[in-house]
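Everything on this sheet refers to the single structure shown next.
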Amino acid sequence: PSQKLLGDSSFMQKLLDYDKDHIGGHIITAIRGYLPLPDFQPSVIEKQSKAATGLCKWVRAMEQYDKVAKEAEPKRLALKEAEEDLAIKKAELQEKRDALKMVLDKIHDLETKFKAANDEKVRIANEVDMCEKKLVRAGKLISGLGGEKTRWTENVKTLGEEYHNVTGDVLVSSAIVAYLGVFDKSYRDVYIEDAMQAMKEKEIPGSSDVSLEKVLGNPVQIRDWNLAGLPRDSLSTDNAIVMSRSRRWSLMIDPQGQANKWIRNMEKDNGIGVFKLSQSDFVRNIEACVQAGRPVLLENVGETIDSVLEPLLTKAVYKSGGSMVINIGDSQVEYDDNFKLYLTTKLPNPHYAPEVSTKVVLINFTITPVGLTDQLLGITVEVEKNEYEQERQRLLIQNAGFKKQLAEIEDKILKMLSEAGGDILEDEELINTLSASKVTSNEIGVALESAEETEKTINELREKYTPYPKHGSLLFFCVAEMRNIEPMYQY
């Protein structure tokens with residue numbers, strides 16, 4: 001049978017396909033009886049047959065495999081059971097993880113909604129707070145601007161009319177500044193009347209009565225000029241406006257010295273230098289003032305002007321070495337933009353060459369009856385009722401300061417309103433400034449009304465002395481005109 005078995009062509013395949021996991025116990029018992037035998041050792045059998053050696057090894061391997069398999073099978077089964085339990089646990093764990101993820105997602109969603117709701121709450125609270133602040137600010141704004149409505153409405157109406165007439169008014173005013181400074185009031189009035197008639201014929205819009213004070217004057221500045229000694233008559237006021245608006249330096253015909261006194265007082269705080277062309281060091285003094293930016297008043301100018309002043313009169317300033325300079329004589333002097341030049345002459349009727357007239361603006365400051373009367377009235381009251389005149393001067397200075405402050409407050413309010421972007425109620429600084437300005441404005445308004453009432457009372461008392469200054473003014477001009485009868489009277 002063994003030869004038949006070995007001769008089977010599929011014997012090798014049977015060995016490979018042998019069910020080694022289900023070997024019967026009796027077979028294993030039988031095999032184990034041969035294993036200890038000396039003749040059943042692979043080393044011994046190998047000497048006889050290679051094929052028998054392979055079978056020997058195969059049998060031994062089957063026995064060894066069965067032995068190991070029987071020991072490992074419980075463990076394999078336990079492993080399988082453990083793997084099955086692990087798979088179940090993993091599935092359960094995944095379910096728990098999925099449930100946890102759903103809970104976490106829900107929590108995240110709730111947190112997002114809570115944050116959004118909380119942000120909305122904060123936003124609404126901020127809006128409520130801002131609305132409350134805006135209500136307070138709106139109240140302040142209404143309170144601050146309420147009193148200005150009537151006055152500003154009138155100003156808008158006035159400005160609308162002035163805007164319509166600005167072409168003709170500026171045309172006439174420019175001509176006065178450029179050409180009529182040297183003429184007295186009667187000539188200026190004739191020119192204005194003729195100019196208005198010509199504008200009417202040419203259909204140029206303009207006011208029915210052009211006044212330099214209304215077109216180019218600043219009430220606050222004019223009041224400051226009056227406090228500095230400028231006579232209060234319209235001619236003197238127009239002369240001051242011509243001087244301030246002209247691009248050329250002013251040469252003032254000032255036989256009575258009124259302009260000289262006014263310039264000295266006006267520029268006193270700026271360290272004005274007062275010199276005469278007859279002084280030997282006047283050029284050096286002027287150079288120092290030009291460099292320091294101090295104003296200069298040249299007194300007693302004759303009908304000719306020293307050529308050394310020509311660069312100053314023509315404002316021949318140029319840039320050199322990164323700074324602005326001007327040539328005075330043989331010297332190059334650094335030019336300060338704050339420098340101002342005033343020239344006055346005591347000649348009552350000077351004759352200047354055309355080349356002088358084109359370099360300066362000639363202004364006739366010869367005293368007028370109205371200006372002299374006002375000055376004599378002040379002197380008379382100061383002598384007779386000194387306390388009234390002192391109180392009047394104090395009130396004039398105080399009122400000028402009040403009106404200047406009111407103008408500054410109004411300009412500040414309008415500037416802040418024009419620069420406020422978007423909702424002005426969100427600009428707390430603007431509202432607070434407006435509220436504080438309104439309080440200050442009201443206080444000043446009350447003080448100003450009281451002061452003007454007092455000033456009115458004082459002026460009524462001053463009017464009692466008016467006949468005396470009028471007689472004095474009339475006497476002065478009668479004596480002044482006597483030189484036209486006989487030249488000797490000019491002395």
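The values are calculated or read from the model by the stated rules, or taken from the named source; none is laboratory data. These numbers were taken from a predicted model, which means no experiment stands behind them. Here the Cβ is made from the backbone with ideal geometry for all residues, glycine too, and neighbour counts use every protein chain on show. The area values use the complete protein model at the heavy-atom level, side chains included, leaving out ligands, DNA and RNA. Shrake-Rupley method; radii C 1.70, N 1.55, O 1.52, S 1.80 Å.
Site-free segments of the chain were taken between trypsin sites (Lys or Arg not before Pro) in DSSP loops having at most 10 other Cβ atoms within 10 Å, sites themselves excluded; the longest one is 248-491.
Here's the picture: charge each Lys and Arg Cβ at +1 and each Asp and Glu Cβ at -1 in the chain, and of Leu135, Leu341, Gly378 the one pushed furthest to the positive end of that dipole is Leu135. Each Lys and Arg adds +1 at its Cβ and each Asp and Glu adds -1 at its Cβ; summed about the Cα centre, the range 93-139 shows a dipole of about 120 debye. Rounded to the nearest 20 debye, the dipole size of the chain about its Cα centre is 2340 debye, using +1 on the Cβ of Lys and Arg and -1 on the Cβ of Asp and Glu. About its Cα centre, the dipole of the range 301-408 is roughly 300 debye, where the only charges are +1 on Lys and Arg Cβ and -1 on Asp and Glu Cβ. Extending 7 Å from the Cα toward the beta-carbon at both Thr112 and Tyr187 defines two label points whose distance is 9.0 nm.
Separation of the range 44-117 from the range 352-367 is 120 Å, based on Cα centroids.
Going through (i) 43, 29, 20; (ii) 39, 27, 20; (iii) 122, 34, 21, the figure that equals semi-axes √(5λ) of the Cα gyration tensor in Å as computed for the structure here is (iii). Computed with a 1.4 Å probe over protein heavy atoms only, the accessible surface of the range 333-478 comes to 57 Å² per residue.
Nearest 10 degrees is fine. How inclined is helix 50-146 to the longest principal axis of the chain, computing both from alpha carbons? For 50-146 against the chain, the angle is about 20 degrees. Note on the range 46-99: dipole from Cβ charges, positive end direction compared against Ala91, Ala52, Ala72; the farthest Cα belongs to Ala52. Of all DSSP bridge pairs formed entirely within the range 296-354, close to 70 percent run antiparallel. Adding -39500 (n - 2.57) for every DSSP H run of four residues or longer, then dividing by how many residues the chain holds, sets the calculated 222 nm ellipticity at -22500 deg cm²/dmol.
Here's the picture: charge each Lys and Arg Cβ at +1 and each Asp and Glu Cβ at -1 in the range 196-287, and of Ala240, Trp225, Met266 the one pushed furthest to the positive end of that dipole is Met266. The alpha carbon centroids of the range 199-235 and the range 320-339 are separated by 35 Å. Surface analysis of the range 22-129 yields an accessible area of 81 Å² per residue, using protein heavy atoms and a 1.4 Å probe. Among beta bridges identified by DSSP and lying wholly in the chain, the antiparallel ones come to about 30 percent. Find me the longest stretch of the chain that has none of the exposed GluC sites (Glu not before Pro), where exposed means in a DSSP loop (not H, G, I, E or B) with at most 15 other Cβ atoms within 10 Å. Here the longest run is 304-491. With respect to the chain, whose longest principal axis is taken over its alpha-carbon atoms, helix 234-245 is tilted by about 40°.
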